Amino acid sequence: MECVRMIASPRYSEKRVGYLGAMMLLDEKQDASLLITNSIKNDLSHSSQFVQSLALCTLACIGSAEMCKDLAPEIDKLLRASNSYIKKKAALCAIHIVKKVPDLEEVFSLTARSLLSEKHHGVLHGAVVLITVLCECNPETLERFRKTVPDLVRIMKGLVTSGYSPEHDVAGISDPFLQVRILRLLRILGRNNETASDTMNDLLAQVATNTDSTKTVGNAVLYETVLTVLDIKSESGLRILAVNILGRFLLNNDRNIRYIAMTSLQKIVNSDNIAVQRHRGTIVDCLKDPDASVKRRALDLSLALVSASNIRSMMKELLVFLCSCPPDLRAEAASGIFHAAEKYAPSQRWHIDTILHVLTTAGGDVRDETVPNLILLITNASDLHCYTVHKLYRALITDISQQPLVQVASWCIGEYGDLLLREECQEMEPTEVTADTVLDALETVLQSHMSTPTTRGFALTATMKLSTRINENVDRIRSIVSIYGSCIDVELQQRAVEYNALFKKYDHMRAAVLERMPVIERNSPIHTNGDSMGDVIKEVEVDKLKLKADLLPQQPANQVCDLLDLLGDSEKSVYGGTTSIQPINAAKLAGGDLLDLLGGFEPTPLTPAPAMTLYEKNGVTLTLSCEKQSECSLAVTLRGSNSSNLDVSSFSLQAAVPKSIDLHMKAPSGDTLPARGTSQVTQLVLLNNPNKVNLKMRIRISYSSQGSSIQETVQVDSFPGFS
Amino acid sequence: MITFVLMVNRQGQTRLSRYYQPVKMSRRAALEADVVRECLSRHKDQCSFVEYKDLKVVFRQYAALYIAVGVTDDENELAIYELVQNFVEVLDKYFSRVSELDIMFNVDRVHIILDEMIQNGRVVESNKSNILAPLLALDKMADG
């Protein structure tokens, strides 16, 4: 309130303080600012230029949209006024108005152009900034202002070639601020435009060569020039000049200059990769610089420069960097290294080595998905299992604080424990590894307070798996597992209880359940479940294990996933050799569950839609007809009939579609196909295809006829009546 | 565009602060403390550009006073570096060998000078005599 009172006073000094206070303390959201609107209005037409300038200043700072709309014509008048002091302030005020009320920019763009012919540098500066903002806001204005390029070039030339002018000189360069501004505007105008770029080429070359680069000011102008050259459609000679200047910057001792050189190289690393590669040595040296900003930039740039040819040397440098880098950059560095290693790894062994190295140095900072990724990688490199498990075991016994490392190590020991104990790895020095030491290691992990619950889960599972891999000490394993049956952590307790049950009741199945896992497919839906519980369940083979109560819910889901994956990215089944034909009741159970979810039976009338015969064998025929329900959904009716002399029983259908399509199967009308086609079994399938992918369906038919159970799979690639 | 200008001494006391983008009063102290901490941890021959959240902070040390300028990504850092130098030279000219005490006791005038140079986050004038002209005229009016 004091401010408002002071602003209204006629005395200049009070006004000044009042406006100052207003600018500092108020913003447009406060009500008090409305009160000063009137004062600003009056002051804008005051006779003294200083008062006017104060008002302009405040308006520019805190003016709200309504204020700006009211006062825009005033500002425009001031822009045309003869006083250059006022003009420059008015120009900047205009910028604020344009930002607040974009519709008013028409008003200002005309005046802005005329301002360019001013002599006063302040006004020129203001004009250039105004034009820059206008161009940024509206692409049409950009087109109009392209015509001003020759004017700008002329002004710039004047600045560069003019002699010493004491007013604007900063360390030998006349008005560097204006130069920088004009260069930036030229950059915006020349982007994606051939003619404008041509006009600028000479000028840019001249500026680049003539500017004195011993002082920071000169470097500032050169930097802006380089950015402009790289952004517009300049000729190749000019581009090479620009990259050379950047190279010179990199070698400069001043860290500021190195920093900005790396920032600009980052922008062009994708387009002019070869040019930047030449400076790779210097950039890698900058990784060792004690300055944090320089390090960050060097890291970004090094990761961008990694390619197939230099991967080994770059990785060495990056790993050294990881050991010594500040903690906030660690996570970034680790993930960058992982990406680079994945893209360009020369061999699997090198890849695994690198990842292990990263885990041992910066294990705490890596992201969660590295653990499943690494496990995937290890299973894929089957010939390296022995080497990997030895290495991981060694790492485990030295240090158990790095959680991801411990998780991967315990998983591997669980899986390949027999390799660890039985075989001697040729590539590493032999050490004494017995079953006891391995179990000791796992027990330490289980009991250590540094281990998270997930790690403990991994360790417990690994211990369990070892029970089949090693022949002695099974009792020890049993005792470990039963201890955790009364653990506080629910997850551990559940696992321990299940494993205990495996020992007691299903001992004969233990070997099969805990068999070695098959190679995991990268995109399988279960794989994306990061929790290792999913891994354990996946091992359980559906046909071998009886339907144990607490494992049941996961099974049908497991199976449905399996079925749905049939049409996923890979053609071959995930479960490779271990899947056998699933028994009919398990299949029916899965189908039943799915159908139960969707409610009841819907009798489908026999539609005259075109039918397609899918399958015909042993007298059993399956036909398909479809009906389009909406833009992306389709109703498919499957009909089974039997033309043989014997009844067919337990007839059931399962369907699978590509991943992005939704599938709903309604309940079938029955499961028996009486002989000689007296009646049919119909089943309705609803498909929803929001992404409009190629519609394909795979149907598995299972039935028993003449005492034998038969299962067949057919694939439907084209649907009649559906485009 | 420039988002803020701060002048902080070695003990972390803010001598002058100017924000060109609305920042709530409660957040200002935290912002200033963060920036100061970054500046104080820098060595003389280390890089003068720091990344803070989504801004870049350019700072320079003059004796016991740090001047920090926060800019958005699209600004030329070296140009801002020179701007800070220019600002200090103007202050020098006006106060004849400016010191921290001068700034403490004449905050309003320093603000006026700053306003003459930077308006609404953009550089308005870089010519020293032009910047000081209105201020000198004002002083004459106050005296006479």
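Only one of (1) away from chain B (no Cβ under 14 Å); (2) surrounded by fewer than 22 Cβ atoms within 10 Å (Cβ to Cβ); (3) within 31 Å of the chain's Cα centre (by Cα) is not met by A:Ile232, so which one is it?
Against the list (1) away from chain B (no Cβ under 14 Å); (2) surrounded by fewer than 22 Cβ atoms within 10 Å (Cβ to Cβ); (3) within 31 Å of the chain's Cα centre (by Cα), A:Ile232 comes up short only on (2).
β-branched (Val, Ile, Thr) and within 14 Å of another protein chain (Cβ to nearest Cβ) - does that describe any residue in the range A:268-290?
No, every residue in the range A:268-290 fails to be β-branched (Val, Ile, Thr) and within 14 Å of another protein chain (Cβ to nearest Cβ).
Only one residue in A:Thr199, A:Thr141 is under 21 Å from A:Leu110 (Cβ atoms), surrounded by fewer than 21 Cβ atoms within 10 Å (Cβ to Cβ) and either among the β-branched types (Val, Ile, Thr) or touching a Leu at 6+ places or on another chain (Cβ under 7 Å) (or both), so which one is that?
One residue alone meets the criteria, A:Thr141.
With the condition being polar (S, T, N, Q), I'd like the helices (runs of 4 or more DSSP H) fully within the range B:98-144 carrying at least 2 qualifying residues.
Output list reads B:128-143.
Consider the range B:91-112. How many of its residues are within 12 Å of another protein chain (Cβ to nearest Cβ) and touching a helix residue (DSSP H, G or I) at 6+ places or on another chain (Cβ under 7 Å)?
Result for the range B:91-112: 5.
Can B:Lys128 be described as under 16 Å from the mean Cα position of the chain (by Cα), within 12 Å of another protein chain (Cβ to nearest Cβ), over 21 Å from B:Met1 (Cβ atoms) and not small (Gly, Ala, Ser)?
Here the answer is yes, as B:Lys128 does meet what is asked.
For A:Ala196, indicate whether it is in contact with a Gly (Cβ under 8 Å, 6 or more places away or on another chain), more than 10 Å from chain B (Cβ to nearest Cβ) and modelled with pLDDT under 75.
Answer is yes for this residue.
When the range B:29-69 is examined, which residues are found to be crowded, with 17+ Cβ neighbours inside 10 Å and of a type in the set (D, E, K, R)?
Within the range B:29-69, B:Glu32, B:Glu38, B:Arg42, B:Lys56, B:Arg60 qualify.
Regarding B:Arg122, is this residue in contact (Cβ under 8 Å) with a residue 24 or more places away in the chain, within 11 Å of chain A (Cβ to nearest Cβ) and surrounded by fewer than 21 Cβ atoms within 10 Å (Cβ to Cβ)?
No; evaluated as a whole, the condition is false for this residue.
Would you mind stating whether B:Ile67 is under 14 Å from the mean Cα position of the chain (by Cα), at negative phi, in a helix (DSSP H, G or I) and not basic (Lys, Arg)?
Criteria not met by B:Ile67.
Taking the range B:74-87, which residues are assigned to a loop (DSSP other than H, G, I, E, B) and either more than 10 Å from every other protein chain (Cβ to nearest Cβ) or in contact (Cβ under 8 Å) with a residue 60 or more places away in the chain (or both)?
B:Asp74, B:Glu75
Restricting the search to the range A:59-92, which residues are facing chain B (nearest Cβ under 10 Å) and at pLDDT below 70?
Listed by number, the residues that qualify are A:Leu59, A:Ala60, A:Cys61, A:Ile62, A:Gly63.
Have a look at B:Thr14, B:Thr72 and point out the one that is surrounded by fewer than 18 Cβ atoms within 10 Å (Cβ to Cβ) and under 12 Å from the mean Cα position of the chain (by Cα).
Answer to the check: B:Thr14.
Consider A:Thr148 carefully, then state whether it is farther than 30 Å from B:Ser129 by Cα, out of contact with any His (no Cβ under 6 Å at 6 or more places or on another chain), more than 14 Å from chain B (Cβ to nearest Cβ) and touching a residue at least 12 places away in the same chain (Cβ under 8 Å).
no
Checking the structure you have, find out if any residue of the range A:117-137 is polar (S, T, N, Q), surrounded by 15 or more Cβ atoms within 10 Å (Cβ to Cβ) and more than 27 Å from B:Pro22 (Cα to Cα).
No: the range A:117-137 contains no residue that is polar (S, T, N, Q), surrounded by 15 or more Cβ atoms within 10 Å (Cβ to Cβ) and more than 27 Å from B:Pro22 (Cα to Cα).
Is it fair to say A:Ala667 is more than 15 Å from A:Lys617 (Cα to Cα), at pLDDT 80 or above and small (Gly, Ala, Ser)?
Criteria not met by A:Ala667.
Suppose we keep only residues that are more than 13 Å from chain B (Cβ to nearest Cβ) and not aliphatic (A, V, I, L, M) within the range A:212-229. Which one would you say is surrounded by the fewest Cβ atoms within 10 Å (Cβ to Cβ)?
Looking at residues that are more than 13 Å from chain B (Cβ to nearest Cβ) and not aliphatic (A, V, I, L, M), I get A:Thr214.
Just the residues that are free of Cβ contacts under 8 Å to residues at least 12 places away in the same chain and either touching a strand residue (DSSP E or B) at 6+ places or on another chain (Cβ under 6 Å) or assigned to a helix (DSSP H, G or I) (or both), please, taken from the range A:259-282.
Of everything in the range A:259-282, those that are free of Cβ contacts under 8 Å to residues at least 12 places away in the same chain and either touching a strand residue (DSSP E or B) at 6+ places or on another chain (Cβ under 6 Å) or assigned to a helix (DSSP H, G or I) (or both) turn out to be A:Ile274, A:Gly281.
In this structure, does A:Pro372 turn out to be at pLDDT 75 or above and outside any helix (DSSP H, G or I)?
So A:Pro372 fails the test.
If A:His168 satisfies every condition in (1) touching a strand residue (DSSP E or B) at 6+ places or on another chain (Cβ under 7 Å); (2) at pLDDT 75 or above but one, which is the exception?
(2)
The values are calculated or read from the model by the stated rules, or taken from the named source; none is laboratory data. Keep in mind that this is a model prediction, so the values were computed, not measured. Using ideal geometry, Cβ is built from the backbone for each residue, glycine included, and neighbour counts are taken over all protein chains shown.
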